[in-house]
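Q: Pasting a structure below so you can have a look.
The values are calculated or read from the model by the stated rules, or taken from the named source; none is laboratory data. These numbers come from a predicted model, not from an experiment. Every residue, glycine as well, gets a Cβ built from its backbone with ideal geometry; the counts of neighbours run over all protein chains shown.
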Amino acid sequence: MSSLVPPQPDTLEKLSYVLSSGQREKVLGSVLANPKSPAQIAKDTGLHLPHVSRTLAQLVRAGLVSPMSPTSRGKLYAVTPLGEAVYEELGNTRGDRLVAPLARGSHFKNYHHWLAKNHGKKTADDFFHRLGVDPRKIDAGGWYPLRTIVHVADRIEAEFGDGSGETVRRMLREEAFNFASIRRYASIVLPFKYLAEMMPAAYHREFNHGRLEVEVHGRRALVKNYDWISSPTRCMAWLGTYEGSLEAAGYKHIVVKKVACILKGDPYCGYVLEW
């Protein structure tokens, strides 16, 4: 997806920090236009003054907001250049949606792990740094912009694959068991049709947007991914994820086929699992 671009250096970690708290986002947005006192911010955001003071202290420690010299109205707080960059990236991440589509940092962690294993740690580190991601600071359980995660997968295919998506498919197939959500369900001993019906719960442990539906008929399951952001590479990533998840659960005989795609006008990306 050519419209996806990497974040500015040093903004991704702070963006995740802001996105993890609605109060941080409100306070940062309040001081973006012009410096304000805590009382003014409280009036602007509807937050209680103690909550504003605590949030300001957090944003100051993060380098996103800085205190100014006191005036007759009290101490004023202003956004820093880093805070401006983070808020701009927040707008890019959300687009015209009320909720920014996010995914767990485990995706970055597993992508980096696979690159380091197959191409060396230095190559993996250099690749991620070029895309504005510091792999040392990624929190596997934290929330990060989906658009950036999709962009990283696209770049992996472009730089380490042949553009067909097979490299990313292999990466997700080999890394699937490293996702805590998949490992959790793969360890449950149940007939597969029951595990298939639990897949939506695993999806929502990894993503805050869209939904996943599963229809089981006999020895066939149709998995419907209602994603908000996709790319040809991400489609192949999902294919590899399902293949790797099944292998991790011991179901190596199940065949996975893609039968629908939102990039081709379908309402969802569909994958058929047959056993």
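Q: Can you pull out the residues in the range 55-95 that are of a type outside the set (Phe, Trp, Tyr), under 11 Å from residue 27 (Cβ atoms) and in contact (Cβ under 8 Å) with a residue 12 or more places away in the chain?
A: Answer for the range 55-95, where residues must be of a type outside the set (Phe, Trp, Tyr), under 11 Å from residue 27 (Cβ atoms) and in contact (Cβ under 8 Å) with a residue 12 or more places away in the chain: 55, 56, 58, 59, 60, 64, 65, 79, 83.
Q: What about residue 249, is it surrounded by 21 or more Cβ atoms within 10 Å (Cβ to Cβ) and at pLDDT below 95?
A: In short, yes.
Q: Tally time: how many residues in the range 231-258 are touching a Phe, Trp or Tyr at 6+ places or on another chain (Cβ under 9 Å) and either assigned to a loop (DSSP other than H, G, I, E, B) or not charged (D, E, K, R) (or both)?
A: Result for the range 231-258: 14.
Q: Continuing with this model, one more query. Within the range 152-190, restricting attention to residues that are small (Gly, Ala, Ser) and assigned to a helix (DSSP H, G or I), which residue is modelled with the lowest pLDDT?
A: Among those that are small (Gly, Ala, Ser) and assigned to a helix (DSSP H, G or I), it is 186.
Q: Go over the candidates 243, 166, 197 one by one and state the one that is over 22 Å from residue 119 (Cβ atoms) and of a type in the set (Asp, Glu).
A: From the options 243, 166, 197, the qualifying one is 197.
Q: Another question about this same structure. Which condition does residue 173 not pass, out of (1) surrounded by 19 or more Cβ atoms within 10 Å (Cβ to Cβ); (2) touching a residue at least 40 places away in the same chain (Cβ under 8 Å); (3) under 16 Å from the mean Cα position of the chain (by Cα); (4) under 21 Å from residue 113 (Cβ atoms), if it passes all the others?
A: Unmet condition: (3).
Q: Here is a further query. Which condition does residue 52 not pass, out of (1) modelled with pLDDT of 90 or more; (2) among the β-branched types (Val, Ile, Thr); (3) not in a helix (DSSP H, G or I), if it passes all the others?
A: Status for residue 52: all satisfied but (3).
Q: Of the conditions (1) more than 17 Å from residue 153 (Cβ to Cβ); (2) of a type in the set (Phe, Trp, Tyr); (3) at pLDDT below 95, residue 226 satisfies every one except a single condition; which number is it?
A: Among (1) more than 17 Å from residue 153 (Cβ to Cβ); (2) of a type in the set (Phe, Trp, Tyr); (3) at pLDDT below 95, the lone unmet condition for residue 226 is (3).
Q: Of everything in the range 259-271, what is surrounded by 16 or more Cβ atoms within 10 Å (Cβ to Cβ) and part of a strand (DSSP E or B)? Give them in sequence order.
A: 260, 269, 270, 271
Q: Restricting to the range 75-121, give me the number of residues that are among the aliphatic types (A, V, I, L, M) and over 17 Å from the mean Cα position of the chain (by Cα).
A: Selection size over the range 75-121: 7.
Q: What residue, of 69, 37, is modelled with pLDDT under 95 and surrounded by fewer than 16 Cβ atoms within 10 Å (Cβ to Cβ)?
A: Sole residue among the options that is modelled with pLDDT under 95 and surrounded by fewer than 16 Cβ atoms within 10 Å (Cβ to Cβ): 69.
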